[in-house]
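Beneath this line is the structure, given in structure tokens, with notes to follow.
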Amino acid sequence: MIDALRREFARRGWEPFAFQKATWDAYGRGESGLVQAQTGTGKTLAAWGGMLIEECGRREAGEGVRGKAGGKTGIRYLWLTPMRALAGDTHKSLVEAAGWVGLGAEGGEAFGIELRTGDTSSAMKVRQRDKPPAVLITTPESLSVMLSYPVMREHLAAVRGVVVDEWHELLGTKRGVQTELCLAAVRGLAAGGAGGADGAAMRVWGLSATVGNTGQALDALLGSGPQRERARLVTSDVGKEYRFEVLIPEAIERFPWAGHLGIRMLEPVLARIESAASTLVFTNTRSQSEIWFQSILRARPDLIGQVAIHHGSLDRDVRTRVEEMVKGGKLRAVVCTSSLDLGVDFPPVDQVIQIGSPKGVARLVQRAGRSGHQPGRVSSIVCVPTNALELVEFAAARDAVMSREIETREALTMSLDVLCQHILTTACGSGPEGMSAEALRDEVRTTHAFAGMSDEQFGWAMDFARQGGQALTAYGRFARLVERVDEQTGEVRYVVANQPLVKLHRLGIGTITSDPAMKVTTRGGAVLGTIEEGFIAKLSPGDVFVFSGRRLRLVKVHQMTAITEPALNVKSGMVPAWAGTRMPLSHELAEAVKVKLAAADGGDFASAEMAAVRPLLELQQAWSALPKPGTLVIERLRSREGYHAFVYPLAGRLVHEGLVALAAYRIAARSPHTFSMSASDYGFELLSQTPFDLDAGAWREVLAAERLTEDLLGCVNQAELARRQFREIARIAGLIVPSYPGQARSARSLQASSELFFDVFSEFDPQNMLLGQARREVMERQLEFGRMKRALEAIGRMEIVIKAVPKLTPFAFPLWVDRLRSQLSSEKVEDRIARMIGHLEDAAGTVAEPEFADLQDAGELPSKARRGRRADGKTKAKVPWRRPRL
DNA sequence: GACCTGCTGCGGTATG
């Protein structure tokens, strides 16, 4: 290690950790790799330390600081981060560290460390074009935009080191795929540029939190080739200690069996907030954060001004202000969503509170890490259950953290929409010289995402980029690439048809798509944030709703903007609902829950949480049985509503949504039934007006893994799902004209055009590979097909236990509530509650269990009873398969 | 006896 750095470390009393030194050494040897470490253990230092050491070495060897590697000026180091805010923070610490080792300035020429994100001014971008910095901190999207400029490609040829921060955040997303493609491009440029000429091949280092599949993380980061073979995995040796505390509800007997809001726990949470100087309160949803924020201030008006709210729909200025206040230690508490999972380099907050299930082990660790965000400090988190079963989830999550059962992040492959975008980006960046399709194909194939790409697939993507594929050939707008034959070599190269297309393409670079939302402003025009169009559409002027921690009255809607004024002296307001995906319980956490339940089944209630839920679990045991590994519990219940079956595979909500449709379909194929359905993270419910009696053998057939694909296609409206999924694909692949920044575009128009493309392709170009991709994405993302298949295979090996139960069991109750909620969602809340209680009394009181069992054994129900069930007019319409998005 | 939810992230241009 160079002296200046060593001195600086000594002055601060730091001794570099072994993993940091290992990274520096590997970096010095020209190797690539992945640094895996928990947040707050110094992994960024591991990455930039290597860079700085190398730069100091170069300087000692007499090379200038800026440029001149191999005689060429250019960007020598690239630092990618998934967030603009992180880019800013990284920039600050890098500049500071460069100062430590005397790289601040040299001969009047500063060692350039610069930022480039969407926030970067055009003046700065122009300067970077004319005079590239030595180190550039940027995002994957900005890197992609850079690759669309011929000049910037020249600068990138000097790159010798790339750091990809928070790689786990990108892995498993299309942003990750885009990063892979960009890295392959930079690698290609560097091989022919100064970095290569310099003798040192381009190194790539990923920085990541713990992931369950490091091998794949490395594959995706480095692609194929020599750098992968010599790749290093450096795991932090810094012991990070976690403390998980669970707030146990006082009156557990009265603690709800279902629900996710948790306001009941307000008082103990308030006590915690008051006991610490600064607290982050994580909630799972934006509206939950609004509700909690309101409730906290209502209960403690003295905290007004000291508590803030932060989530993704709030205006960026508002969020930035909140972040600054947290950094300045001016707030007691911030109620937030994942928006503060990472991204802001806080001084460690005193305390982190998690309201409700984190749904995954990694997320819990991530959030805990926001406290004690320094090597050697304990990170602790206070977990607040919102329903009784979450006590089990928290206990299970803690076990999983201790045994390091962390979720895997599967890298995506063959995302053709991203490839189509990348092809055009590359063409833009190739300028008048044009792009060679063969060279690009070979380069793309070095990525993990497209390693298995066939010539046919690439050819199709090229054709699509060139002229919009078969169906759109006639439209000039999609004639985007022009062939240019080199007269001497006869080689075909591709050039972008015209300059406006280049500009338009740059506008659309990126893989993040979001539902267009309506801006919410005050009368004065101050922007508060955005709310989904559908919510505002339900309101009329004068209506009051809660947003951004305020009560607002809708004045009017004008040009995609909801203009509001403060609503004073109003007690209640609707909390906006945003469209979003429901995060399913992760596989890892679900498995840990099963283990906990098995232990409980054996009488082990060792932890405080398990002791607290004991009465509930014992009730479940007494009335039915506890689901656990190796056992599939199915409950039969007859109520006034009809005939219920509750099944508990514990495979996460998405899988259960698929399974319930599948089970209904297969049962109905045996004999006609109409089912109502519901699904949760624990299991699913089928409800029919007519009895459906299945023994263990029959259930085995209904839940067989064989013919899964065929039957699933039979019961799920895949075409419609794919049609919706296509929106994202159409956007990324460049079919939809992007709107200029700041210009809102209504959800309807966006959807209309993507659906139009979908229909046109379906009819005139059925071989269009983007259609196939939409179907595949539906299977993988919305149905979690792989997990569903594994769940069914596991069920095939399980013992099936069928219990006829007298009333809704603790595990059944949440499912029942969920179904009612979805069916009655248009009714007023009060009516709903009244009805539910009515139902509950029925379910619990009037139906005798033996009768049900007897009747089922007899295979038929007396006609009188059947008529009786129907006479109350509660015939349930079949609930169509739905995914509440859009 | 019990019920009011639904994440995050990015991106364009520019002369004198």
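About its Cα centre, what dipole magnitude does region A:388-494 give when the only charges are +1 on Lys and Arg Cβ and -1 on Asp and Glu Cβ, stated in debye to the nearest 20? If you can, show how the numbers build up before the last one.
Working: 10 positive and 18 negative charges, 62 e Å.
With only Lys, Arg, Asp and Glu charged at Cβ, the dipole is about 300 debye.
With a 1.4 Å probe and every protein chain left in place, work out the accessible area per residue of chain A in Å², rounded to a whole number.
Each residue of chain A exposes 40 Å² on average to a 1.4 Å probe.
Regarding region A:266-341, what's the average projected area of the Cα-atom convex hull, expressed in nm²? Display every interim value, and only then the final one.
On the way: hull surface 18.2 nm².
Result: 4.6 nm².
Assign one of three labels to region A:770-812, namely rounded, prolate or oblate, based on the Cα gyration tensor with a ≥ b ≥ c the square roots of its eigenvalues; rounded applies when a/c is under 1.5, prolate when it is not and a/b is larger than b/c, and oblate otherwise. Spell out each step's value before the answer.
Working: a/c = 5.27, a/b = 2.22, b/c = 2.38.
Judged from the Cα gyration tensor, region A:770-812 comes out oblate (a/c at least 1.5, b/c at or above a/b).
Let me cross-check A:D130: its accessible surface, 1.4 Å probe, with only protein heavy atoms counted, in Å² to the nearest 10?
Here the accessible area works out near 110 Å².
Quick check: Cα centre of region A:131-186 to Cα centre of region A:588-640, how many Å?
49
Return the tail of the calculated pair distribution for chain A, meaning the percent of Cα-Cα pairs more than 45 Å apart.
Working: 129075 of 392055 pairs.
Tail of the P(r) past 45 Å holds 33 percent of the pairs.
Heads up, I need the accessible area for A:W460: 1.4 angstrom probe, whole protein in place, Å², nearest 10.
Counting only protein heavy atoms, A:W460 exposes about 40 Å² to solvent.
On a 1.4 Å probe surface of the protein chains, which of A:K92, A:K803, A:K174, A:K556 comes out largest in accessible area, and what is the full order? Please list the in-between numbers first.
On the way: A:K92 135, A:K803 70, A:K174 10, A:K556 100 Å².
Reading off the accessible areas and sorting them downward yields A:K92, A:K556, A:K803, A:K174.
Please work out the FRET efficiency for the pair A:A277 and A:E793, using the Cβ-Cβ distance as r and a Förster radius of 56 Å; give the result to the nearest 0.05. Working shown, then result.
Numbers: r = 51 Å, r/R0 = 0.91.
Efficiency at R0 = 56 Å is approximately 0.65.
Would you mind classifying region A:520-592 by shape? Square roots of the alpha carbon gyration tensor eigenvalues, ordered a ≥ b ≥ c; an a/c under 1.5 is rounded, otherwise it is prolate if a/b is larger than b/c and oblate if not.
prolate
Dipole magnitude of region A:128-187 about its Cα centre, charges +1 at Lys/Arg Cβ and -1 at Asp/Glu Cβ only, in debye to the nearest 20? Can you show the working numbers first?
Working: 7 positive and 7 negative charges, 45 e Å.
Approximately 220 debye in magnitude.
Just the projected area, averaged over all directions, of the convex hull on the alpha carbon atoms of region A:297-384: how many nm²? Mind dumping the intermediate values first?
On the way: hull surface 25.1 nm².
Taking a quarter of the hull surface, the average projection is 6.3 nm².
At R0 = 41 Å, how high is the FRET efficiency between A:E241 and A:L619 if r is their beta carbon distance? Nearest 0.05 is fine.
Values: r = 36 Å, r/R0 = 0.88.
Taking R0 as 41 Å, the efficiency between A:E241 and A:L619 is 0.70.
May I ask for the net charge around A:E253, where only other residues with Cβ less than 15 Å from the Cβ of A:E253 are counted and Lys, Arg are +1 while Asp, Glu are -1? Write down the numbers at each step before the final one.
Details: positive: A:R254, A:R264, A:R614; negative: A:E250, A:E618.
Neighbour charge sum, excluding A:E253 itself: +1.
Rounded to the nearest 0.05, what FRET efficiency do A:D302 and A:V485 give with R0 = 60 Å and r taken as the Cβ-Cβ distance? Could you check? Please report the intermediate quantities before stating the final value.
Working: r = 77 Å, r/R0 = 1.28.
The pair A:D302/A:V485 has a calculated efficiency of 0.20.
Just name one of A:T279, A:T138, A:A517: the one whose Cα is farthest towards the positive end of the charge dipole of chain A (beta-carbon charges, Lys/Arg +1, Asp/Glu -1).
The Cα lying farthest towards the positive end belongs to A:A517.
If you put +1 on each Lys and Arg Cβ and -1 on each Asp and Glu Cβ, how big is the dipole of chain A around its Cα centre, in Debye rounded to 20? Show your work: numbers first, answer last.
Working: 112 positive and 104 negative charges, 393 e Å.
For chain A, the charge dipole is close to 1880 debye.
With point charges of +1 on the Cβ of Lys and Arg and -1 on the Cβ of Asp and Glu, referenced to the Cα centre of chain A, which listed residue (A:G549, A:S379, A:A451) lies farthest in the positive direction of the dipole?
The one lying farthest along the dipole's positive direction is A:G549.
Looking at the square roots a ≥ b ≥ c of the eigenvalues of the Cα gyration tensor of region A:212-351, which shape do they give, rounded for a/c under 1.5, prolate if a/b is larger than b/c, or oblate?
Numbers: a/c = 2.28, a/b = 1.75, b/c = 1.30.
Since a/c reaches 1.5 and a/b is larger than b/c, the shape of region A:212-351 is classed as prolate.
Where does each of A:792-802, A:587-597, A:19-29 land if you order them by average Cβ count within 10 Å, highest first? Spell out each step's value before the answer.
Values: A:792-802: 15.5, A:587-597: 22.8, A:19-29: 19.8.
Most protected by this proxy first, the peptides run A:587-597, A:19-29, A:792-802.
Could you calculate the contour length gain from A:L713 to A:T473, that is, 0.36 nm times the residue separation minus the distance between their Cα atoms, to one decimal place in nm? Mind showing how you got there, number by number?
Values: separation 240, 0.36 × 240 = 86.40 nm, distance 3.17 nm.
83.2 nm is the gain from fully extending A:L713 to A:T473.
May I ask for the distance between the Cα centers of region A:263-298 and region A:1-41, given as a whole number of Å?
One Cα centre to the other: 39 Å.
Stretched out fully, how many nm does the piece from A:E15 to A:R129 gain, at 0.36 nm a residue minus the Cα gap?
Values: separation 114, 0.36 × 114 = 41.04 nm, distance 3.93 nm.
Taking A:E15 through A:R129 to full extension adds about 37.1 nm, to one decimal.
Would you calculate, for chain A, the mean residue ellipticity at 222 nm contributed by helices, counting each DSSP H stretch of 4 or more residues as -39,500 (n - 2.57) and dividing by all residues, to the nearest 500? Can you show the working numbers first?
Details: 36 runs with 397 residues, N = 886.
Calculated at 222 nm, the ellipticity per residue is -13500 deg cm²/dmol.
Residue farthest toward the positive end of the dipole of region A:174-317, with Cβ of Lys/Arg at +1 and Asp/Glu at -1: which of A:G215, A:C182, A:G262?
Working it through, the farthest residue towards the positive pole turns out to be A:C182.
The values are calculated or read from the model by the stated rules, or taken from the named source; none is laboratory data. From a predicted model like this one, the values you see are computed outputs, not experimental measurements. Glycine also receives a Cβ, built like all others from the backbone with ideal geometry; neighbour counts cover every protein chain displayed. Note: accessible area is taken over every heavy atom of the protein model, side chains too, but ligands, DNA and RNA are not part of it. Shrake-Rupley method; radii C 1.70, N 1.55, O 1.52, S 1.80 Å.
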